[in-house]
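Student: One structure, as structure tokens, below. Some questions next.
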Amino acid sequence: MQRWNSWGEAGHDYPLPEHALHYLADLIGPGYPLEEVLLETVSTKVAESRLANHSLVNKDPEVRVCYARGHSFADWLAKKSGQIEMVPDGVAFPESRDDILQLLEWAEQMDCNLIPYGGGTSVVGHINPQAGARPTLTVSMSRLSQLLALDKESLLATFGAGTTGPQVEAQLQAHGFTLGHFPQSFEYSTLGGWVATRSSGQQSLGYGRIETLFAGGRLETFQGSYYLRPFPAESAGPDLKECVLGSEGRLGILSEVIVNISRLPRFEAFYGLFFPDWQAGIAACQQALQQRIPLSMLRLSAPEETETFLRLSDKQNAIRWLEKLLVMRGAKAGRCQLLVGVSGEKAQCHHAWKQLRRISRFYGGVNTGQLIGQQWQRHRYRNPYLRETLWQAGYGVDTVETATQWLHIDSLRQAMEQALRSALHDDAEQVHVFTHISHCYAQGASLYTTFVFRLGETYDITLARWQKLKAAVMQAIVTHGGTVSHHHGVGVDHRTFLPSTKDEQQLKAISALCQHFDPNARLCAHNLLPPNFDILLTTTGPTASDDLSHVLKDTTDVVA
Ligand SMILES: Cc1cc2nc3c(=O)[nH]c(=O)nc-3n(C[C@H](O)[C@H](O)[C@H](O)COP(=O)(O)OP(=O)(O)OC[C@H]3O[C@@H](n4cnc5c(N)ncnc54)[C@H](O)[C@@H]3O)c2cc1C
């Protein structure tokens with residue numbers, strides 16, 4: 001059974017070896033765990049539902065609690081402490097498009113808000129009900145998880161939007177196909193959620209981000225049902241599919257998603273390389289991308305992350321041998337690990353790997369073969385479980401991600417890491433920070449930074465620590481040329497910073513689009529736009545002459 005206040009299936013634990021915990025204690029001090037509240041206890045405190053009965057809606061307090069929060073660090077604190085301010089008034093489980101249309105109609109009658117819920121793996125507050133006069137109905141897509149159509153000739157598959165990663169792959173692989181979308185939340189996140197958040201998978205370099213994979217589908221809205229046809233390409237004016245991508249539940253509920261699929265690769269391998277330093281690793285990645293070498297993954301760890309992985313490994317004997325080899329070959333302190341993936345026809349993969357090795361040699365890279373790559377592949381979804389392991393040891397872990405041009409990669413990384421390392425100086429607390437590049441493009445890459453800190457003596461102190469860390473790093477991102485998000489989305493947690501990425505005219509256009517599809521602001525109105533932005537437009541009407549500068553000033557004040 002899925003854990004209600006943490007990641008993963010109950011009983012699936014990944015303990016860290018003793019030496020790994022000592023390493024962490026040496027870096028930031030010993031951790032002290034916080035006591036957790038039981039689901040039964042939280043459920044007894046839930047307020048009465050404000051919704052009438054409906055055959056599709058479950059109002060059981062325990063179910064409502066389980067659907068109340070996602071997986072941001074603040075969400076975890078809320079669940080583990082039991083201080084969940086808002087829970088949905090009910091959770092609906094539609095089984096068909098008709099059920100969804102019925103729920104939209106009922107929401108108007110009940111005057112309630114709706115939250116489409118995929119896997120609930122959001123890390124930016126997307127699916128958290130907000131306080132307000134209207135009741136909230138969360139719409140779980142979990143029963144819409146079937147492969148509905150497979151066009152083997154055109155490589156198109158139609159799924160219920162609530163299909164999770166493993167369900168997508170199992171149903172496709174049974175026919176010899178794959179989607180190739182493997183976010184780290186793969187186990188629980190869904191097709192609808194991926195589209196609504198502009199998700200990116202670990203092998204996006206080969207298969208593409210969800211933008212490339214999303215071919216069409218059906219969107220159920222307060223303005224009716226839309227069928228987004230899966231043409232291979234078209235020149236027929238603006239494409240509504242583009243608007244649905246990243247809409248974060250604000251336009252409607254995706255009931256079906258059509259995706260571009262691939263034949264299962266005949267060959268796939270992951271290799272490990274080590275570069276003497278970060279600059280060499282970056283230059284090699286940049287070259288590989290700009291020469292269009294057909295790889296399926298490039299993941300470059302900065303020195304602190306490389307060192308952390310080596311230190312935390314439970315195969316210390318093998319690591320000692322590896323270190324000897326690396327030192328002999330010139331990759332000493334400051335070295336960076338690069339993971340390389342190739343997928344496809346064997347000859348094509350061998351050729352791509354050969355081309356990459358040629359670039360790597362030029363930059364002093366040391367080839368360590370497939371061993372590290374195989375380890376990574378075996379444990380590719382394990383990191384989220386380690387969040388719980390570290391929590392139990394008294395440490396908080398969170399990640400932030402962004403993207404920028406190659407020109408700014410280095411300065412942005414330094415700014416993010418520095419902001420995190422110094423954020424808790426006033427509390428006399430150390431923060432362990434490390435970064436990797438997780439998705440590469442010819443023009444730039446995404447940076448993914450992890451920070452580990454000690455839990456406070458209470459939940460409130462811990463939350464305050466996390467808030468300081470998050471604010472400091474977001475500030476660093478937007479002032480050093482990063483986007484608010486490369487793949488986690490905006491939600492509630494990043495919306496204040498959106499004006500740094502999109503200007504006033506763009507925000508107005510997005511707001512007008514949301515109002516067109518959802519005139520009464522029932523669908524996830526908390527997501528995406530800066531606070532008060534919609535309210536202002538609703539009261540004055542979205543005209544081009546609206547002066548929103550004071551709203552934007554409020555939000556940019558936080559940014560500046
Ligand atoms: C441990 C962990 C690792 C992660 N790793 C990655 C990663 O590698 N790559 C990545 O991209 N993200 C990652 N994420 C973030 C998260 O998994 C993604 O944002 C994912 O796309 C969310 O999918 P979901 O089905 O869980 O959506 P939810 O969290 O349920 O919802 C997210 C948003 O999408 C909307 N939505 C969901 N379904 C529908 C629908 N059918 N119609 C309309 N709107 C809908 C919701 O209303 C909400 O606004 C990670 C999260 C965690 C906790």
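Coordinate-derived values only; no laboratory data. Given the structure is predicted, the values throughout are model-derived calculations rather than measurements. Virtual Cβ from ideal backbone geometry, glycine too; neighbours counted across all protein chains shown.
Student: With everything on Cα atoms, drop me the angle between helix 18-28 and the longest principal axis of the chain, reported from 0 to 90° to the nearest 10.
Tutor: The angle comes out near 80 degrees.
Student: Roughly speaking, what is the centre-to-centre gap between segment 433-499 and segment 32-53 when only Cα atoms are used, to the nearest Å?
Tutor: 29 Å
Student: Distance from a point 7 Å along Cα→Cβ of Ser422 to each backbone N in segment 464-486: keep the residues under 19 Å and list them by number.
Tutor: Counting backbone N atoms under 19 Å from the label point, the list is 465-482.
Student: Loop-only GluC sites (Glu not before Pro) in segment 187-265, please: DSSP not H, G, I, E or B, and at most 13 other Cβ atoms within 10 Å.
Tutor: Sparse-neighbourhood loop GluC sites (Glu not before Pro): Glu234.
Student: Any chance you could run the full-extension gain for Arg143 through Tyr441? It's 0.36 nm times the residue separation minus the Cα-Cα distance, nm to one decimal.
Tutor: Answer, rounded to one decimal: 103.7 nm.
Student: Taking neighbour Cβ counts within 10 Å as the exposure measure, how do Ile293, Ile115 sort from fewest upward?
Tutor: Ile293, Ile115
Student: Could you tell me what % of all Cα pairs in the chain have separations over 35 Å?
Tutor: 37 percent
Student: Using only Cα atoms, tell me the angle between helix 549-559 and the longest principal axis of the chain; keep it within 0 to 90° and round to the nearest 10.
Tutor: That helix lies at roughly 30 degrees to the long axis.
Student: In segment 360-434, what trypsin sites (Lys or Arg not before Pro) fall in a loop by DSSP, with at most 11 other Cβ atoms inside 10 Å?
Tutor: In loop regions of segment 360-434 (DSSP not H, G, I, E or B), there are no sparsely surrounded trypsin sites (Lys or Arg not before Pro).
Student: Could you tally the net charge around Asn527, taking each other residue with its Cβ under 15 Å from the Cβ of Asn527, Lys/Arg +1 and Asp/Glu -1?
Tutor: The answer is +1.
Student: Which value results when the Cα radius of gyration for segment 383-479 is divided by 2.2 N^0.38 Å?
Tutor: Segment 383-479 yields a ratio of 1.12.
Student: Right, something else. Nearest 10 degrees, 0 to 90: what angle lies between the long axis of helix 346-362 and the longest principal axis of the chain (Cα atoms)?
Tutor: 60 degrees
Student: Order of Asp534, Asp99 from fewest to most other C-beta atoms within 10 Å?
Tutor: Asp99, Asp534
Student: Extension gain Arg266-Glu95, at 0.36 nm per residue separation less the Cα-Cα distance, in nm?
Tutor: Taking Arg266 through Glu95 to full extension adds about 58.0 nm, to one decimal.
Student: Can I ask one more? Hey, fewest Cβ within 10 Å first, where do Phe275, Phe517 land in order?
Tutor: The fewest-first ordering by Cβ neighbours comes to Phe517, Phe275.
Student: Tell me the chymotrypsin sites (Phe, Trp or Tyr not before Pro) within segment 416-475 that lie in a loop according to DSSP and have at most 10 other beta-carbon atoms within 10 Å.
Tutor: Nothing satisfies the criteria.
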